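Okay, so here's the structure we're looking at.
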Amino acid sequence: MRTDVVIAGAGPAGLMLACELATAGVETVLLEREAARPAFCRGFNLNARSLDVLDRRGIADRFINEGLKVPVSFFGLPAPLDIGQLDWDHPYTLGIPQTRVEEILEERAVELGVDVRRGEEIRTFEQDEDGVTVNDSIRAKYLVGCDGSRSVVRRIAGIGFPGTETTRYVMFGDVEADIALGKHEGGVLVIPRTGYVRVAVADPVLNRAEPITLEILQSTVDEALGRHVELANPRWVTRFGNAVRQAERYRSGRVLLAGDAAHIHPPAGAQGVNLAIADAMNLGWKLAAAVQGWATPELLDTYHSERHAAGARVLMHTQAQALLGGDSVGPLRELFVELSELDGVGKYLAELVTGVETCYPMGEFTSHAWLGRMAPDVAVAVDGRPTSVARLLRSGRGVLLDFGVADHPPLDRIDVIRAEPLDDVPVGALLLRPDGHVAWLMTRDGRLEPGPLADALSRWFGLVPA
Ligand SMILES: Cc1cc2nc3c(=O)[nH]c(=O)nc-3n(C[C@H](O)[C@H](O)[C@H](O)COP(=O)(O)OP(=O)(O)OC[C@H]3O[C@@H](n4cnc5c(N)ncnc54)[C@H](O)[C@@H]3O)c2cc1C
């Protein structure tokens, strides 16, 4: 059979990417090795930036309606971050099981027409100049490996995965515990979940091959606490190492990587699902442009340059959070707490751990705070009807948004919209990429950043003005 794109893996990265491609009208086959979603649940949150992203496709409420809003925190610090009066669209973290996130994304992908095939794994592929042949039976223009940390796609593509080896493991157990444990006691972290708790404790053995059982978890927890705590009815018992790795390239010809296939890091700070969604949002429209033939030769490579840099930041701060949550850094934590209470530092850390800080390079001589960042969800009126920037992006197309400073003729591929700002905006016009990031702007006093609009239209949308 023939299709535009094959995605390997129906985790958050693969599902979000499938939704993005389908929104752009790209035919997509999603192959998932497992016939059914696992009974256990790994992650438990969506951060502010993931909610912003989902909002720009009109589906954030499907998640928000089911989740629990909790304050933004930096793992290892005893209290949530003091973020003051944040001007974010979603100034909180949403507690929601990863399994539910995946179910909702999969429902959406199917609604949009994605061919999701469970119980089918990618075993082989070969790429040539025109496409990729997967499992000797599917011919596609591109293949994306969203197949997790041990990615087969990454291995067959020969993409290196440099980084550091695991030097210690943490045991995780989703169990019923017959005790009202504090959040962190004697090196045992207990996270409340609905109907059970997640217990995490340092694994004294550096041996991944040794299977973890409830008995091993039980004795390790008892030893760490210095008393017996009954752990029962395990839903999931596992170990997680502190290895940190990042693919040296996110693209090799017609093969790309996203999510855990492109990076692994400690679970401290709960980043993986969110990073997977952010990768997919960045890649989706660029890959669609390549499939549809209007991408400039460089566009798809900006996926690597933009997301590798963003991923490296996450690798850095998840390691920092893991260290800060350790036993032997008491004085450092004390100092970090003092620093985090300084004016603006809580907000800085919150923007770091949620990815709200993410700013893609748009040009050398730029100064406007909005350029390269995701445009805030400003309220606007179009033809007298109230709407907002996030709503205008729901089609998945780019938007040239003009606040009455110039008359722009209609353009292919992007929506040219004249709007009246209902909030105070520091710009006269904006060019938004389909992922919501500001690619060009005109300030209210007429300055153009990063340069002429025509250059930005050509760079991001392959448009050559008449
Ligand atoms: C204990 C623990 C706690 C965590 N807590 C959090 C948290 O609170 N918040 C958070 O954001 N993240 C958390 N994470 C991380 C998060 O679970 C991952 O980062 C996230 O699942 C990555 O998504 P992904 O789509 O890249 O990969 P995955 O979710 O791993 O999905 C990959 C998919 O590919 C499939 N697959 C593999 N090989 C093939 C193949 N050859 N062919 C077809 N399909 C294949 C797999 O079956 C799987 O479904 C946690 C992880 C762990 C282990």
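None of the figures in this text is laboratory data; all of them are computed from the coordinates on show. None of the values given here were measured: they were computed from a predicted structure. Virtual Cβ from ideal backbone geometry, glycine too; neighbours counted across all protein chains shown.
Numbers at a glance
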| read-out | value |
| --- | --- |
| Where the Cα pairs of the stretch 318-405 fall when distances are cut into 10 Å bins, in % | 12, 30, 25, 19, 11, 3, 0 |
| Net charge, T366 excluded, C-beta distance under 14 Å - Lys, Arg +1, Asp, Glu -1 | 0 |
| Percent of C-alpha pairs per 10 Å bin, the stretch 193-303, short to long | 11, 30, 24, 17, 13, 5, 1 |
| Two-decimal ratio, the stretch 379-461, of alpha-carbon radius of gyration to 2.2 N^0.38 Å | 1.00 |
| Longest site-free stretch - the chain; sites: chymotrypsin sites (Phe, Trp or Tyr not before Pro), DSSP loop, at most 16 other Cβ within 10 Å | 41-293 |
| Three principal axis lengths of the stretch 1-67 [C-alpha, angstrom, descending] | 40, 30, 16 |
| Against the rule of thumb 2.2 N^0.38 Å, how large the Cα Rg of the stretch 308-466 comes out | 1.28 |
| Percent of Cα pairs exceeding the 20 Å cut-off, where the set is the stretch 169-241 | 19 |
| Restricting the stretch 45-130 to GluC sites (Glu not before Pro) in coil, as DSSP defines it, with at most 10 other Cβ within 10 Å | E129 |
| Length gained when the stretch R385-L214 is fully extended (0.36 nm per residue, less Cα-Cα span) | 55.7 nm |
| log₁₀ of I(q)/I(0) at q = 0.08, 0.10 Å⁻¹ - the chain, Debye sum with one point per alpha carbon | -0.50, -0.77 |
| Additional length obtainable on full extension of the chain from V464 to I191, 0.36 nm per residue less Cα span | 92.8 nm |
| Pairwise label distance in nanometres, E129 with R117, each label 7 Å out on the Cα-Cβ vector | 2.8 |
| Low-density loop positions, trypsin sites (Lys or Arg not before Pro), the stretch 76-177 - DSSP coil, at most 12 other Cβ in 10 Å | R123, R150 |
| Prolate/oblate/rounded label for the stretch 75-227 (Cα gyration tensor, a/c 1.5) | prolate |
| Binned Cα-Cα distance frequencies in the stretch 106-170 - 10 Å width, integer % | 16, 40, 28, 13, 3 |
| Counting DSSP beta bridges with both ends in the stretch 379-461, the antiparallel % (nearest 5) | 75 |
| Net charge of Cβ neighbours under 14 Å - reference G241; Lys, Arg +1; Asp, Glu -1 | +1 |
| Net lengthening on full extension, V337/D415 (0.36 nm per residue, minus Cα-Cα) | 23.4 nm |
| Point-charge dipole on Cβ atoms (K/R +1, D/E -1) for the stretch 322-425, about Cα centre, debye to 20 | 480 |
| Charge context of H90, other residues only, Cβ under 12 angstrom, K/R +1, D/E -1 | -3 |
